[in-house]
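For reference, the structure is listed below as structure tokens.
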Amino acid sequence: MIATPIPTPSTTWATPDAGQVEVLLQRWIDGPSLEERLMALFGMVGRKISSDQAVALWHKLMTRCADRMSPGAAEQVKRQLIMLAPEMTIADQCFQELLTARRRTEPAPPIVFMITSCLRYLDKARKVQATLQALGAHARIVIGDPSLPAAVEDGDVTRLPVPDSYEALTLKVLEGLTWVRQTYGPVNVCKVDDDMRFTDAFDPIRLAEVAHSLQYAGQPWGGVCDRAWHLGKTARPTPIYARRQRCMFAYGPMYLLGARAVDHLVRIWTHFPGEVEGRFYEDRAIGELLAEAGIPLKPYPIARMGAETEQAERLIGAAE
């Protein structure tokens with residue numbers, strides 16, 4: 001979900017007539033941001049109300065306007081309600097609905113290999129996917145598309161409602177995990193970059209068992225932080241990384257997450273997305289979010305997973 005400019009509130013709200021209420025209701029339906037919808041809500045009631053007061057009306061509008069919204073927009077407003085009142089019971093109810101609305105009827109695979117890519121490198125991702133499938137793995141590609149209100153499956157690719165840029169990689173991984181959890185239920189995940197190679201040691205069943213047993217496993221990383229790692233890779237100017245180092249984490253090209261770890265990350269992302277702000281090094285962010293929940297990294301080298309990485313830097317504007 002992408003931040004948009006926050007509307008400037010009026011100092012006063014007049015009590016709207018029926019025609020104005022309908023206009024404001026349509027504005028609430030159209031959104032797309034939480035702040036824009038809140039401002040429309042204030043207009044409908046004729047005054048500014050607190051977020052916990054807005055929740056009940058928001059929930060009523062979700063039901064009343066269900067047939068006027070696309071499935072993606074309906075999912076978006078449900079997630080915005082969770083963000084609006086993450087500590088309230090109604091948020092838990094909406095969260096459970098969110099987790100089951102996309103669920104497939106067939107049994108989930110023992111582990112989902114989530115190939116994180118972008119439109120520019122989609123051909124590379126498809127090659128990795130084909131290799132994984134030939135090795136007996138269940139693999140899906142995720143890329144970003146900020147024009148969307150919610151994730152959309154497009155053949156072998158799932159497009160996520162986040163930017164497709166390097167600096168949004170943390171958002172892409174968390175949004176991808178959310179889609180995986182919605183689609184497959186509680187499941188182990190292997191996050192894979194689109195430049196991985198696989199060796200004779202690769203065994204998806206063994207990796208599923210490792211993920212289930214260890215919950216968070218990968219090649220330990222995080223000694224000295226290269227705070228300029230992202231420079232030259234971002235779509236927009238991004239300051240150096242200025243957060244404190246908190247723990248070791250799994251090196252980003254490939255790591256394993258058990259179902260409990262996935263559930264924690266999805267809950268944090270849907271309830272408190274502000275916890276992710278400024279954490280644009282995805283592998284470090286995942287490790288810190290899990291460590292905060294008492295799920296530490298268990299060392300498991302990428303070579304032991306049966307994989308190798310090119311480790312090639314991708315600079316904006318560089319030749320292919």
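The values are calculated or read from the model by the stated rules, or taken from the named source; none is laboratory data. If you're wondering where the values come from, they're calculated on a predicted model, not measured in any experiment. We place every Cβ from the backbone using ideal geometry, glycine too, and count neighbours over all the protein chains shown. Keep in mind that these areas ignore ligands, DNA and RNA; they rest on the heavy atoms of the full protein, side chains included. Shrake-Rupley method; radii C 1.70, N 1.55, O 1.52, S 1.80 Å.
Remark: the chain carries 46 Å² of accessible area per residue (probe radius 1.4 Å; ligands, DNA and RNA excluded). Beta bridges assigned by DSSP with both partners in the chain are antiparallel in approximately 45 percent of cases. Between R120 and E310, the contour length at 0.36 nm per residue exceeds the alpha carbon distance by 66.7 nm. Taking a sphere under 10 Å around the Cβ of R140 and counting the other residues whose Cβ falls inside, with K and R at +1 and D and E at -1, yields a net charge of -2. Listed by chain and number, the lysines placed with their C-alpha closer than 28 angstrom to that of K191 are K78, K124, K127, K172, K233, K298; residues fewer than eight positions away on the same chain are left out.
Between rounded, prolate and oblate, where does the stretch 22-63 land on the alpha carbon gyration tensor, with a ≥ b ≥ c its root eigenvalues, rounded for a/c under 1.5, else prolate if a/b exceeds b/c?
Verdict is rounded for the stretch 22-63.
Highest average first, the peptides 177-188, 248-259 ordered by how many other beta carbon atoms sit within 10 Å of their residues are 248-259, 177-188. Taking a ≥ b ≥ c as the square roots of the eigenvalues of the alpha carbon gyration tensor, the stretch 169-212 is oblate, as a/c is not under 1.5 and a/b does not beat b/c.
With all protein chains present, how much of the accessible area of the stretch 1-157 (probe radius 1.4 Å) comes from carbon and sulfur, to the nearest whole percent?
Here carbon and sulfur together make up 55 percent of the probe-accessible area.
Please give me the summed charge of the neighbours of F249: other residues whose Cβ is under 10 Å from its Cβ, Lys and Arg +1, Asp and Glu -1. In short, -1.
Extension gain, R64 to T131: 0.36 nm times the residue separation minus the Cα-Cα distance gives 19.4 nm. When the square roots of the Cα gyration tensor eigenvalues are ordered a ≥ b ≥ c, the ratio a/c for the stretch 83-144 is 1.5 or more and a/b does not exceed b/c, which makes its shape oblate. One decimal place: the segment I90-R103 gains 2.6 nm when fully extended, by the rule 0.36 nm per residue minus the C-alpha distance.
Helical content alone sets the calculated 222 nm signal of the chain at -13000 deg cm²/dmol, taking -39,500 (n - 2.57) per DSSP H segment of four or more residues and averaging over every residue.
For the chain, the relative contact order comes to 16 percent (Cα pairs under 8 Å, sequence separation of at least 6).
At q = 0.15, 0.16 Å⁻¹, what is the log10 ratio I(q)/I(0) for the chain, with the Debye formula run over Cα points and no solvent? Taking Cα atoms of the chain as identical point scatterers yields -1.22, -1.35.
When DSSP beta bridges are restricted to pairs lying wholly in the stretch 53-189, around 20% turn out antiparallel. Electrostatic bookkeeping for R159 treats Lys and Arg as +1 and Asp and Glu as -1; over the other residues with beta carbon under 12 Å from its beta carbon, the sum is -4. Which FRET efficiency, nearest 0.05, do R246 and R206 yield, Cβ-Cβ r, R0 30 Å? With R0 = 30 Å, the Cβ-Cβ based efficiency is 0.50.
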